[in-house]
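The values are calculated or read from the model by the stated rules, or taken from the named source; none is laboratory data. No experiment lies behind these values; they were computed from the predicted model shown. Cβ atoms come from the backbone with ideal geometry, glycine included; neighbour counts cover every protein chain shown.
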């Protein structure tokens, strides 16, 4: 197959062309990402719609087809239909969700998700189930964010985009994913850091998504000590979230402290997280009980993909975060 770059390939050039033995027409562009272009495809006979992803960086995303096909079938994972090889191009035909993604849903004015206890629980439990299914099959997603969570009817979650997924339990591919969502240890930044636990990195990303659902914001732009908000969290985790996010409940704050444990080994498990979400009486507090503080960064659509780099490190993954934040601890 020929490698194509986003710079040399014009996504519009394939509009209204046919693939899969002239049975699926590419009728519009749904999105353009770092490693692919997603088209809306329409079957010429059944009129059924599909999302058709053209893989533009095959040396990076060649595993995506296998991983997505392997995980397809879970009710909270976008269904994989087929792969089509045509004219030296590789297309993934996958389930189409006309309701769009979670990012669009929670940034829409007057949406009924952000701050809605019932909607938060309903959506987040489904995300947990999808990620748990991935982890059970030894796959870490590494790019969990609202843009990669599609919504079906009645707010049914469909996890998507496995382009950065890995079978490696420990990885030294630092900077995978989006800067708002990946964990501090995933960033590397120290010659003493060898690698990071990819499943614990997913759990950190889930914590950011939970804050997005609850407050419609991010707690920090990036989880490193060069960021003032995160540095404040590292220095004093207790009550940090209630200070910058006055809408969240004490119960949710306790959950967030377990998710954002600086030592990855002590970070909450998916099983415990699911139990705590089920038991949480309320994720938010009434408006009249909130006290205003300087707001954290608003939720943004930027998806920064950092190049991978190999770094030396200590032998203990447990020390990854402690090395990164310079010895601060959160217990």
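Odds and ends about this structure:
- The single residue among 243, 214 that is in contact with a strand residue (DSSP E or B) (Cβ under 6 Å, 6 or more places away or on another chain) and assigned to a helix (DSSP H, G or I) turns out to be 214.
Residue by residue, here is whether (1) touching a residue at least 12 places away in the same chain (Cβ under 8 Å); (2) outside the structural domain of residue 34 (by TED's automatic domain parsing); (3) over 25 Å from residue 187 (Cα atoms); (4) not in a strand (DSSP E or B) holds:
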{"residue": "84", "(1), (2), (3), (4)": "yes, no, yes, no"}
{"residue": "120", "(1), (2), (3), (4)": "yes, yes, yes, yes"}
{"residue": "132", "(1), (2), (3), (4)": "yes, yes, no, yes"}
{"residue": "147", "(1), (2), (3), (4)": "yes, yes, no, yes"}
{"residue": "150", "(1), (2), (3), (4)": "yes, yes, yes, no"}
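- Every test in (1) surrounded by 17 or more Cβ atoms within 10 Å (Cβ to Cβ); (2) touching a helix residue (DSSP H, G or I) at 6+ places or on another chain (Cβ under 8 Å); (3) not in a loop (DSSP other than H, G, I, E, B) is passed by residue 222 save one, and that test is (3).
- Answer from 98, 75 - the residue that is at pLDDT below 95 and surrounded by fewer than 18 Cβ atoms within 10 Å (Cβ to Cβ): 98
- Which listed residue is in the same structural domain as residue 125 (by TED's automatic domain parsing) and within 23 Å of residue 108 (Cβ to Cβ), from 236, 197, 232, 218: 218
- Scan of region 130-166 for residues that are modelled with pLDDT of 95 or more and surrounded by fewer than 16 Cβ atoms within 10 Å (Cβ to Cβ), ordered by number: 136, 137, 138, 156
- Filtered residues of region 38-56 (kept if more than 16 Å from residue 98 (Cβ to Cβ) and in a strand (DSSP E or B)): 53, 54, 55
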